[in-house]
Amino acid sequence: MIKKLLTLLLSAILLMPTISVFAEEIDTNQVTVPIILYHAIEENYPDEISNLAITSKLFEEHMQALLKHGYTTISFQEYMDFKFNNAKLPEKPIIIAFDDGYLSNYTKAYPILLKYRMKATIFIVASTVGKQYPEVNYAHFTWDQARTMINSGLIEIGSHTYYHNDVSQYSSEKANLDLRLSKYLIDTNLGFNCKLLAFPYGLFTEENQQQALEAGYTLSCKVGDVGVNTKDTPITELKRLTIFGTYTSENVINYINVQTERELEGWYN
Ligand SMILES: [Zn+2]
């Protein structure tokens, strides 16, 4: 009898590591997906532009630091597949986003992303695609350049509305136009069904969220948030961590780590 019990106990102990590894693998509630947000890439920083821009040298250092710390870039599509279809994600997933669609995303960030085979998502303002100074303060990439980036398989394009204004202040009609016109232009110029939206300045009402869903967007992002995303983060309120041109690589890694820990500890619930 004792021998039998001992055998049982021994086999239970032997099985334990297998069980815990398996449990870890399927605990998708512990999976966190930080989204880091960039804007323009500018070499004259900090003299001529806002601290939302970053030099290409520093941007490359950030990318190298993410790789060194084991992060794998994923697309929003992969996040949606994880959220809705239980698809697997790499061990330390991260999403890199850009807002506004600046030409420097194409000329400076894209070559670096290609070099390291890293994915990113660019939210474009449909009314400024291909526009140059002085029509706009900073040049924006063209539809052709957007197509080139999409064809690499690394870049996704999302909508940052048509006008790039505070949508929450618009009438229902104008908000609808802003959301639908940008989606229409992206869909027709780039030949796919755009499902990704980032509201300018992260400003929107509940009605705007509903309008976005009705316009055909599946997912929308906020801006200037704290926290990272989990499987349970509402799909119309994804959190993004803004990265400033003053952040060192160490700052970025620490920022992501702290926000991830706080998210898991329930600070933001
Ligand atoms: Zn913007």
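The values are calculated or read from the model by the stated rules, or taken from the named source; none is laboratory data. Predicted, not measured: the structure shown is a model, and the values here were computed from it. Please note: Cβ atoms are built from the backbone with ideal geometry, for glycine as well, and neighbour counts cover all protein chains shown.
Exactly one residue out of 191, 224 is within 14 Å of the ligand (Cβ to nearest atom), surrounded by fewer than 20 Cβ atoms within 10 Å (Cβ to Cβ) and small (Gly, Ala, Ser): that is 224. Checked against (1) under 17 Å from the mean Cα position of the chain (by Cα); (2) within 24 Å of residue 42 (Cβ to Cβ); (3) crowded, with 20+ Cβ neighbours inside 10 Å, residue 242 passes all but condition (3).
For region 95-146, enumerate the residues that are of a type in the set (Phe, Trp, Tyr), within 14 Å of the ligand (Cβ to nearest atom) and either farther than 19 Å from residue 56 by Cβ or without any contact (Cβ under 8 Å) to a residue 12 or more places away in the chain (or both). Matches in region 95-146: 123 only.
For region 260-269, state whether one or more residues are under 17 Å from residue 101 (Cβ atoms) and surrounded by fewer than 20 Cβ atoms within 10 Å (Cβ to Cβ). Within region 260-269, none of the residues are under 17 Å from residue 101 (Cβ atoms) and surrounded by fewer than 20 Cβ atoms within 10 Å (Cβ to Cβ). Out of 254, 208, 189, I need the residue that is out of contact with any helix residue (DSSP H, G or I) (no Cβ under 9 Å at 6 or more places or on another chain) and in a helix (DSSP H, G or I). Which one? Every option except 254 fails the conditions. Selection over region 149-169 of residues that are more than 16 Å from the ligand (Cβ to nearest atom) and in contact (Cβ under 8 Å) with a residue 12 or more places away in the chain gives a count of 6.
Inside region 155-175, can you point out the residues that are of a type outside the set (Ser, Thr, Tyr) and surrounded by fewer than 18 Cβ atoms within 10 Å (Cβ to Cβ)? The answer is 165, 166, 169, 173, 174. If only residues of region 195-211 that are surrounded by 18 or more Cβ atoms within 10 Å (Cβ to Cβ) and within 16 Å of the ligand (Cβ to nearest atom) are counted, the one that is farthest from the chain's Cα centre (by Cα) is 208.
Has region 76-88 got at least one residue that is within 21 Å of residue 246 (Cα to Cα) and either among the aliphatic types (A, V, I, L, M) or buried (at least 20 other Cβ atoms within 10 Å of the Cβ) (or both)?
Looking through region 76-88, none of the residues is within 21 Å of residue 246 (Cα to Cα) and either among the aliphatic types (A, V, I, L, M) or buried (at least 20 other Cβ atoms within 10 Å of the Cβ) (or both).
Screening the candidates 133, 116, 79, 138 for the property of being hydroxyl-bearing (Ser, Thr, Tyr) and touching a Ser or Thr at 6+ places or on another chain (Cβ under 8 Å) yields one hit, 138.
Within region 76-85, identify whether any single residue is aromatic (Phe, Trp, Tyr), away from the ligand (no atom under 16 Å from the Cβ) and within 21 Å of residue 224 (Cα to Cα), and answer yes or no. Checked against the condition, which is being aromatic (Phe, Trp, Tyr), away from the ligand (no atom under 16 Å from the Cβ) and within 21 Å of residue 224 (Cα to Cα), region 76-85 yields at least one hit.
Within region 13-40, being farther than 14 Å from residue 96 by Cα, among the aliphatic types (A, V, I, L, M) and modelled with pLDDT of 75 or more holds for one residue alone: 31.
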